[in-house]
Structures are given as C-alpha cells and as structure tokens.
Amino acid sequence: MQSALECCDARKVFYVKRERKSTSMLTRLFAKVIPKYEPVEAVDRLTFHVKPGEIFGILGPNGSGKSTLIRLISTLLLPDAGCITVFGHDVVKERYQVRKLINRVSVDAAFFKGLSAMENLSYAARLYGLEGGAWQTTATDILCRLGLESDKLHEPLEDLSRGMQQKIAVARALLTRPLLLLLDEPTTGLDPVSKRDVQDFVLEERERRGTTVVLTTHDMQEADRLCDRIAVIDHGKFVALDTPEGLKSLISTNGESVTLEEVFFSLTGKTLRSSGRCENGNAV
Amino acid sequence: MAPMLDFNRELRRSYALVERNFNLIKRYLGWEVVFMVYTVVNTLTIAFIGLSPDGSGQDRVLYLVVGALLWGFLSVLFHEVAESVQWERWEGTIEYSFMAPMRRFTYLGGVCLFAAAYGAIRTVIVMCAVVGIFDLDLGSANLLAGLIVLLLSSLSFIGVGLMAATLPLMSPEKGSQAAHILEAAILLVSGVYYDVSVLPVWMQRLSKISPATYTLRAARAALLDGASLFDIRSDLLVLLATGAILIPLGLLVFNQGELYAMRTGKLKRSG
C-alpha cells in the first residue's frame, strides 16, 4: 500500500548568525560588515513513513526541528537533501499536486485578524478553488461540531479568544478536505475544554474520512491520546519512534507503569538539562 | 475549451485577493477615509502652487494636476504590488497563502487586479475633487489617448512592482525599505511636477530609464495639448515594450525570490 507520507534521508540546514568572541572594536566592526554564519542541522537525515489514516505524532523540545519538518512537508521549505513524498508526489518537483492534498494548522492562527471568520474562510475557499457557496455549509458544520457559536462568525477575529481563533484555523484546514492534515502544535495555549474539543474533532475526522494526520505537540497527554505512533525528535534527529505503549516499554523496568512524559524526559534529558530543567522535569 | 476553463478558474481564484483586500478596506474604512482626505488635500495643495494671485495660470495648474493624478494612480499601483508580500508577512498569513494550490501567476494577478481597481477608484475621487475646486478646461484634451497612456504605463509599473515585491522575500527586514527608496527615486527623476530638463544632467540620465517619464510626457501631451495617439506613438511604444519586458521579468524574479526564501526559510513571519 502507498504511504501517505514518505520521508527518506531528508535534511535541512540553516545558517545562523553567530557573535564573534572578541572585544576589540576592529573585530566588532568587521563582524558587522561580514557576519559569521554557522550551520545548524534543523532536520538531520530523517527517514520514516506514515500510513494512510494514521495519526503520527512528533514530540520534541523547542528548536528540535518539529516545525521545520512540517514546513518541509507542506512545501514551504526546500530540503537540502533527501526526498519527501505525499501520496507519491514529490514535495519539490510536484509542489502544486502536493498542495492540493494537504493543509496545515500552525501554532499561531495565521489570519487576517481584522476580517471575520467567514471572510477569512471565504478567502481560503477561493484560494483552494472551492466552488459556489457549498463551502459555507461545510464551514458552519465544522465550526458547529467544534462548539463555536454561529454569532461569532461575523465578528473580527481580533475580538475572539485564542481558542476560538484556533478552532477557526482547524475549520479552515478541514474545509478543503485534505488527505494529509499537518497540525503544528494546534492546541498550544488553549484552555482544557477547547483543547479537548480540537482533539475530539481530530479523532472524529480520522474516523469519518480516514484523514492522515501528522501532529507536533508539547502535550504528552495529547500525544498519548491521539497518536498511533510517536517519534521523539531532538536536534533534528529521531531518537525514538514507536507506538505510545512501545515507547513506554523502552524505559519501563520490571513492568512498572510509566508515563509518556517520563519517556520524553528520559530520551531528551540532555536537552532538558541544558534548557534549565532537570531530568525529572522540574525547573532548576 | 480547456484553456478557457482554466483561465476562468484562475481568474476566480485571483478574485480571492481582490475580495480579501476590499474586505480589509471595509473593515478599516475610517482610516481609508483619512488617507483619502489627505490625498485630496495634498493634490489640491500642489494644484494651488500653479495658480497666480490674479487667477491666471490654469495651464500650470493642469500641468501639476495631471502629474499629481498620474503619480497618485501609479504610486498606488506600485505600492500595492510591491507591498503585497510584506503585508502578508505582517499579518502572518504569508505561509498560508503561499501553501495554497494556486499558481503564483494567479496570486500575483489578483494582487495586480486589486491594485489597479483600488488605484483607479482613488484617482477618480481625487479627480472629482480637483474638478470641483478648479475651473479646468479639458476641451482640447484627448481623453482616450490619456487613458491608453495610463493603461500601458500600468504594465511597466506592475512589472517594477513585482520585482520590488521580491525584496521582502530576499530580506524580511530591509526589503520593504528598499521598495520605498525605489518609489521615491522614480518620483524624483520622472518629472511628476516639473519638466525633467530642470534636473541635473546625471538625474536626467536616470529619468530615461523610468517608465513614469514617458507616461507623464505622453499623458501631458494628450491632455494638455490634445495630441493624438500617432503624435505620442514613440512614448507609447516605449511603454508597451517596457511592460512587455518588465512583467515577465518581474514574474521570473519573483519566482526566483520565492525559491530563495524557501531554501533559506525566509517565508515565515519572523524571517
């Protein structure tokens, strides 16, 4: 069976400006004119595949490469090496075909905040070539299922809460009926009720349409609840990839029950320590 | 039949940009009115410079008004096209818009359609205000020739605007600033309010590469002296040729700029 997503040896390097370690004025001036750049491996030769209808989670600390990977899949970045295909279409050579099959919800609800939900959705519908007014029925139905009141649909988005904005972002992504839905930290900053609404909806969509989902998150409970398989990424590399239960069994000794959070801390402990947290997750 | 269907579909998609931008204008209507009033007052101020205390100088007024109206239209056209990427970046929607399965030609076509419609509406409003205040004699004006000059010059300005729109893709921090400098340079050397012969020699050389120079010369000949299309054919040919070169070049440059942004990660909001 064809994979929904195939990632083969994908690599992405960014060049970031670095301070030169010198106090001399001449060197500082030189550094301003010719800044020093250092390569950072954002995605370091990743190979994996996602089956159609699967919910595939990616867990990782900030700056570990989650969003870069999502951007590579969503054709917003070009990989430096390797190959990524979506339902058999190459994200570089067949960008247009891939874009027809995917949609994405990012951590920040990317909208024209001065426009209402319906105006933003109308823009999205036209961009994706959705004909007639059928999209309005679909959008209202999705927003209703997400628990958004219809009187909010004509208010400027800047007047709505973050939770409501994020629900509209989810509705916008699903309006186009994507085969592959990319969710980049979709519930970050949402209250528990809104978070639960979005999670339920993702599960429901998979049930109803068999939508394949790639989900990045910091929320271990969310990953545990939603994902069929989870990859833990650190410094652009997968340090583990398995089912939630499989990951837990990695660090479980004598059959004791462990949480996904403990697995995450154990696998990325080095990063957590360096970011000011100790291995048990408490701030130091 | 299929190419016609494709064209209609792409045109409908282009309309996404037109509808979105007019919705934004409706949302910020108060500010739109403020900018409009400022533009009208600014044009009137420029026109009054040409008037002598004894009321004479109508020709000078018309000379200045033609410059102000044309520049008003062309600068809006340039500005809307050149700022399209930066505007999406500020709003945080650039990744969403660029990820849509829409040909970049269609996206930019929508930007240009809106810019032309918006520029035309603004120019007509300013023109009505000027005609209401000054008793301008347009009896000998060749309005059709003036309109054709405007249409042909739009092509060149769209081409330059497309290239300027690429700058924020290359440099999120400084790209937009560079587009403003380019716009200011065109204003300076193109003879919007004065004849280019008053400029220093080195600026006169620059005026020759600005499409606005040919636009203003041809438009003034048509509107002030009633010149026919045949009389202004050399300027029209220059504008047509410039547009025919600059639009494909602008699209090519934009395409390369987008690929550069996709390689270096500069599409995202923060750059």
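The values are calculated or read from the model by the stated rules, or taken from the named source; none is laboratory data. All values reported here derive from a predicted model rather than from experimental measurement. Don't worry about glycine lacking a Cβ; one is built from the backbone with ideal geometry, like all the others, and counts go over all protein chains shown. Calculation scope for accessible area: heavy atoms of the full protein, side chains included, ligands and nucleic acids excluded. Shrake-Rupley method; radii C 1.70, N 1.55, O 1.52, S 1.80 Å.
General observations
- Residue ranges of helices (runs of 4 or more DSSP H) in the range A:169-269 with at least 2 members acidic (D, E) and surrounded by fewer than 22 Cβ atoms within 10 Å (Cβ to Cβ): A:192-209, A:260-267
- Within the range A:88-128, the set of residues being within 22 Å of B:R103 (Cβ to Cβ), more than 7 Å from chain B (Cβ to nearest Cβ) and open to solvent by 20 Å² or more (accessible area, probe 1.4 Å) comprises A:G88, A:H89, A:D90, A:V92, A:K93, A:E94, A:R95, A:Q97, A:L101.
- Count - residues of the range B:135-151 that are touching a Phe, Trp or Tyr at 6+ places or on another chain (Cβ under 9 Å) and open to solvent by 10 Å² or more (accessible area, probe 1.4 Å): 1
- Filter result for A:D9 (acidic (D, E), part of a strand (DSSP E or B), away from every other protein chain (no Cβ under 14 Å) and surrounded by fewer than 15 Cβ atoms within 10 Å (Cβ to Cβ)): yes
- In a residue-by-residue description of the range A:134-152, the property of being among the aliphatic types (A, V, I, L, M), touching a strand residue (DSSP E or B) at 6+ places or on another chain (Cβ under 9 Å) and part of a loop (DSSP other than H, G, I, E, B) applies to no position.
- Of the residues in the range B:61-79, not one is open to solvent by 30 Å² or more (accessible area, probe 1.4 Å) and either within 14 Å of chain A (Cβ to nearest Cβ) or among the charged types (D, E, K, R) (or both).
- Search result, residues across the range B:146-157 that are more than 16 Å from B:A184 (Cα to Cα) and among the hydrophobic types (A, V, I, L, M, F, W, C): B:L147, B:I148, B:V149, B:L150, B:L151, B:L152, B:L155
- The one condition in (1) surrounded by fewer than 15 Cβ atoms within 10 Å (Cβ to Cβ); (2) closer than 30 Å to B:Y194 by Cα; (3) under 22 Å from the mean Cα position of the chain (by Cα) that B:R104 fails to fulfil: (2)
- Qualifying positions in the range A:83-94 - in contact with a helix residue (DSSP H, G or I) (Cβ under 9 Å, 6 or more places away or on another chain) and not in a loop (DSSP other than H, G, I, E, B): A:I84, A:T85, A:V86, A:H89, A:D90
- Hey, B:G55 over 19 Å from the mean Cα position of the chain (by Cα), loosely packed, with under 13 Cβ neighbours inside 10 Å and within 14 Å of another protein chain (Cβ to nearest Cβ) or not: no
- When the helices (runs of 4 or more DSSP H) confined to the range B:68-160 are screened for residues that are among the hydroxyl-bearing types (S, T, Y), those reaching at least 3 such residues are found at B:104-133.
- Of all the criteria given as (1) on the phi > 0 side of the Ramachandran plot; (2) modelled with pLDDT under 95, the one not satisfied by A:G82 is (2).
- The range A:211-253, residues that are without any contact (Cβ under 8 Å) to a residue 60 or more places away in the chain and of a type in the set (A, V, I, L, M, F, W, C): A:V239, A:A240, A:L247, A:L250, A:I251
- The residues of the range A:44-87 that are within 11 Å of chain B (Cβ to nearest Cβ) and closer than 22 Å to A:T268 by Cα, listed by number, are A:S67, A:T68, A:I70.
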